[in-house]
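The values are calculated or read from the model by the stated rules, or taken from the named source; none is laboratory data. Worth saying up front: this structure is predicted, and the values here are computed from it rather than measured. Every residue, glycine among them, receives a Cβ derived from its backbone with ideal geometry; neighbour counts consider all protein chains shown.
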Amino acid sequence: MTLLIAGVLLWSLVHLLPIAARGLRQRLVSRLGLGAYSGLFALTILLAVVLIVLGWMSASATEVYEPPNWGWHLNILLMLFSLLLFTASSMKTNIRRWLRHPQLTGVSLWALGHLFANGDLPSLVLFGGIGLWAASSILLLNRRDGPWKKPGKVSHGKDLVVLVVSAAGYAVLVLIHPYLFGMPIMP
């Protein structure tokens, strides 16, 4: 469990650094150069992911709470919205007119859905920790960046592309989830 906790903390801290400590980030970029800073950032995130995976694989699934019977169904629905928001975050879409941080909101939905479907300690650490990171990031970014200037309306064709890509990604995720994570999404 220590590796899992360390991985989630490392992931969170490294991602929060550029948001909460812009001065420190700027000093690091000045001292190391942007390329070296970016490389160090990427390597640290990779280390965090490795720690999370190793921690997850070695953690015992101690039950903390009994998830509700409907939690699995809610997770299925929230994952669809999560993928939709994640996809929309990388494109100019009308969704970006409604949500300031669609990617972080998608991560929050991913985490929340998994907490409704899983009640074991490793799930609480992973999904709860990453969910707290995403929610904290939204709050800190809003505070740092001030009032939101909503983007203008875009063609609905781009929204349709997001729907199609998200649906295809969801179908792939349903198929590969058991192989990657050891848990089938559909019974």
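The single condition among (1) modelled with pLDDT under 95; (2) under 18 Å from GLY131 (Cβ atoms) that VAL49 does not satisfy is (1).
When each of SER108, SER123 is tested for being of a type in the set (Ser, Thr, Tyr) and within 12 Å of the chain's Cα centre (by Cα), the lone residue that passes is SER108.
So that you can scan it fast, the table gives a plain yes or no per residue for (1) among the aliphatic types (A, V, I, L, M); (2) touching a residue at least 12 places away in the same chain (Cβ under 8 Å); (3) over 21 Å from VAL53 (Cβ atoms):
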| residue | (1), (2), (3) |
| --- | --- |
| THR105 | no, yes, yes |
| ILE130 | yes, yes, no |
| LYS149 | no, no, yes |
| SER155 | no, no, yes |
| VAL162 | yes, yes, yes |
| ILE176 | yes, no, no |
| LEU180 | yes, no, no |
| ILE185 | yes, yes, no |
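Could you list, in sequence order, the residues of region 156-187 that are closer than 22 Å to GLY71 by Cα and β-branched (Val, Ile, Thr)? Selection gives VAL172, VAL174, ILE176, ILE185. Residue count for region 48-94 satisfying the condition of being more than 30 Å from VAL161 (Cβ to Cβ) and either crowded, with 20+ Cβ neighbours inside 10 Å or not polar (S, T, N, Q) (or both): 19.
Among ARG144, ARG96, ARG100, which is the only one that is among the charged types (D, E, K, R), touching a residue at least 60 places away in the same chain (Cβ under 8 Å) and farther than 20 Å from GLY7 by Cα? Among ARG144, ARG96, ARG100, only ARG144 is among the charged types (D, E, K, R), touching a residue at least 60 places away in the same chain (Cβ under 8 Å) and farther than 20 Å from GLY7 by Cα.
Do any helices (runs of 4 or more DSSP H) lying entirely in region 1-69 carry at least 2 residues that are within 25 Å of LEU180 (Cα to Cα) and either touching a Leu at 6+ places or on another chain (Cβ under 7 Å) or assigned by TED's automatic domain parsing to the domain that holds LEU112 (or both), and which ones are they?
It comes to 2-20, 34-58.
Yes or no: region 109-128 includes at least one residue that is among the hydroxyl-bearing types (Ser, Thr, Tyr) and closer than 19 Å to LEU13 by Cα. No: region 109-128 contains no residue that is among the hydroxyl-bearing types (Ser, Thr, Tyr) and closer than 19 Å to LEU13 by Cα.
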